[in-house]
1. Within segment 137-146, is there a residue that is under 13 Å from the mean Cα position of the chain (by Cα) and touching a residue at least 12 places away in the same chain (Cβ under 8 Å)?
2. Just for segment 26-64: of the residues that are among the β-branched types (Val, Ile, Thr) and out of contact with any Pro (no Cβ under 6 Å at 6 or more places or on another chain), which one is surrounded by the fewest Cβ atoms within 10 Å (Cβ to Cβ)?
3. Any residue in segment 65-76 that is exposed (fewer than 15 other Cβ atoms within 10 Å of the Cβ), within 19 Å of Pro264 (Cα to Cα) and aromatic (Phe, Trp, Tyr)?
4. Find the residue count for segment 189-231, including only residues that are hydrophobic (A, V, I, L, M, F, W, C) and closer than 14 Å to Phe248 by Cβ.
5. Can you go through Leu119, Leu124 and tell me which one is among the hydrophobic types (A, V, I, L, M, F, W, C) and either more than 22 Å from Glu237 (Cβ to Cβ) or in contact with a Leu (Cβ under 6 Å, 6 or more places away or on another chain) (or both)?
6. Could you please find all residues in segment 2-44 being at pLDDT below 70 and on the phi > 0 side of the Ramachandran plot?
7. Which number in (1) modelled with pLDDT under 95; (2) within 24 Å of Pro196 (Cβ to Cβ); (3) not basic (Lys, Arg) marks the one condition that Glu150 misses?
8. How many residues, within segment 152-175, are more than 17 Å from Phe206 (Cβ to Cβ), open to solvent by less than 30 Å² (accessible area, probe 1.4 Å) and free of Cβ contacts under 8 Å to residues at least 40 places away in the same chain?
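The values are calculated or read from the model by the stated rules, or taken from the named source; none is laboratory data. These numbers were taken from a predicted model, which means no experiment stands behind them. Neighbour counts run over all protein chains shown; Cβ positions are idealised from the backbone, glycine included. For accessibility, only protein heavy atoms count, side chains too; no ligands or nucleic acids. Shrake-Rupley method; radii C 1.70, N 1.55, O 1.52, S 1.80 Å.
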Amino acid sequence: RAKELGRNKAVYYTAEMNAGSRKQLALETNLRKAIERNQLRLFYQPKVDINRNMIVGVEALLRWKHPTMGFISPLDFIPVAENSGLIVPIGEWVMKTAFTQLKQWHNAGFSELTVAVNLSSAQLSRPGFEDFVAEALGVSGLDGRMTELEITENMAMENIDSAITVLESLKCMGVSIAMDDFGTGYSSLNYLRRLPIDIVKIDKSFVREIPDSAEDVSIASTIIAMAQSLKLSVIVEGVENVRQLNFFRQQGVNFVQGYLFSKPVPASEILKILESQTIAGTVNLVK
């Protein structure tokens with residue numbers, strides 16, 4: 001616990017620490033079993049082009065349904081996966097599965113669809129990661145230009161020189177790089193402009209109170225203006241109502257995700273959505 005607080009700290013022992021440790025250990029044990037027993041699943045959330053009034057991509061999101069505990073929140077099991085090192089095999093599985101699924105959608109006639117996959121710090125810093133991505137693309141038969149890999153500001157800042165090298169290698173494969181949760185980290189704009197990114201994703205924490213919060217309106221507008229000046233695409237997450245949608249439309253944003261259009265759903269539901277293009281809001285509310 002002292003190390004978690006930044007090292008060189010002293011903390012008093014409490015019984016709750018044992019209880020927390022036991023819970024984390026149990027979760028890690030169950031997660032290992034989940035990997036072995038194929039209990040992990042990918043859900044996908046549509047990315048909507050509000051100018052063309054159509055779905056142009058999906059984001060792959062990891063879900064875990066335990067046979068007795070039901071769905072376990074990613075907020076609970078992702079940190080366990082990261083701390084235990086399980087995030088690396090899980091991340092590899094996610095990428096391979098998402099790429100294979102996208103190829104199936106392409107074969108079904110939706111050849112312009114893209115997929116976004118979130119990366120972890122452990123993946124980005126793992127030696128040979130670029131080779132793994134190249135292999136995943138080759139096995140799935142995907143063109144790298146149809147894929148997006150998402151990193152966070154803090155991930156990139158851990159070792160920016162190494163991150164730049166890896167990201168540039170990925171871009172040589174045609175892969176787009178997205179900066180996820182933009183504005184929530186502690187990075188310097190001076191460093192950020194060095195990163196070879198293509199997309200900025202505005203975190204939903206800045207979207208929730210728009211347009212009623214003047215502070216959030218100012219933050220979102222500033223991020224959008226900065227991204228546009230750098231010729232970066234902008235994706236807004238967490239759009240849940242028409243007022244938010246109209247605000248970002250007026251700001252010149254093209255791409256949004258959120259419950260206004262669809263929550264994350266299994267691959268089978270995405271196919272139905274693509275075939276009908278009539279998810280809640282996509283046709284009627286966006287016009």
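1. Keep residues of segment 137-146 that are under 13 Å from the mean Cα position of the chain (by Cα), which gives none.
No; the residues of segment 137-146 include none that is under 13 Å from the mean Cα position of the chain (by Cα) and touching a residue at least 12 places away in the same chain (Cβ under 8 Å).
2. Taking segment 26-64 and keeping what is among the β-branched types (Val, Ile, Thr), we get 29, 35, 48, 50, 55-56, 58.
Filter again for out of contact with any Pro (no Cβ under 6 Å at 6 or more places or on another chain), leaving 29, 35, 48, 50, 56.
Numbers: Thr29: 12, Ile35: 15, Val48: 28, Ile50: 22, Val56: 15.
Taking the candidates together, the pick is Thr29.
3. Yes, some residue in segment 65-76 is exposed (fewer than 15 other Cβ atoms within 10 Å of the Cβ), within 19 Å of Pro264 (Cα to Cα) and aromatic (Phe, Trp, Tyr).
4. Restricting attention to segment 189-231, the residues satisfying the condition of being hydrophobic (A, V, I, L, M, F, W, C) are 189, 192, 195, 197, 199-200, 202, 206-207, 210, 214, 217, 219-220, 223-227, 230.
Applying the additional criterion that residues be closer than 14 Å to Phe248 by Cβ yields 200, 202, 206-207, 210, 217, 219-220, 223-225, 227.
The total comes to 12.
5. Going through Leu119, Leu124 in turn, just one is among the hydrophobic types (A, V, I, L, M, F, W, C) and either more than 22 Å from Glu237 (Cβ to Cβ) or in contact with a Leu (Cβ under 6 Å, 6 or more places away or on another chain) (or both): Leu119.
6. Gly6, Arg7
7. Going through (1) modelled with pLDDT under 95; (2) within 24 Å of Pro196 (Cβ to Cβ); (3) not basic (Lys, Arg) one by one, Glu150 breaks only (1).
8. Counting residues in segment 152-175 that are more than 17 Å from Phe206 (Cβ to Cβ), open to solvent by less than 30 Å² (accessible area, probe 1.4 Å) and free of Cβ contacts under 8 Å to residues at least 40 places away in the same chain gives 7.
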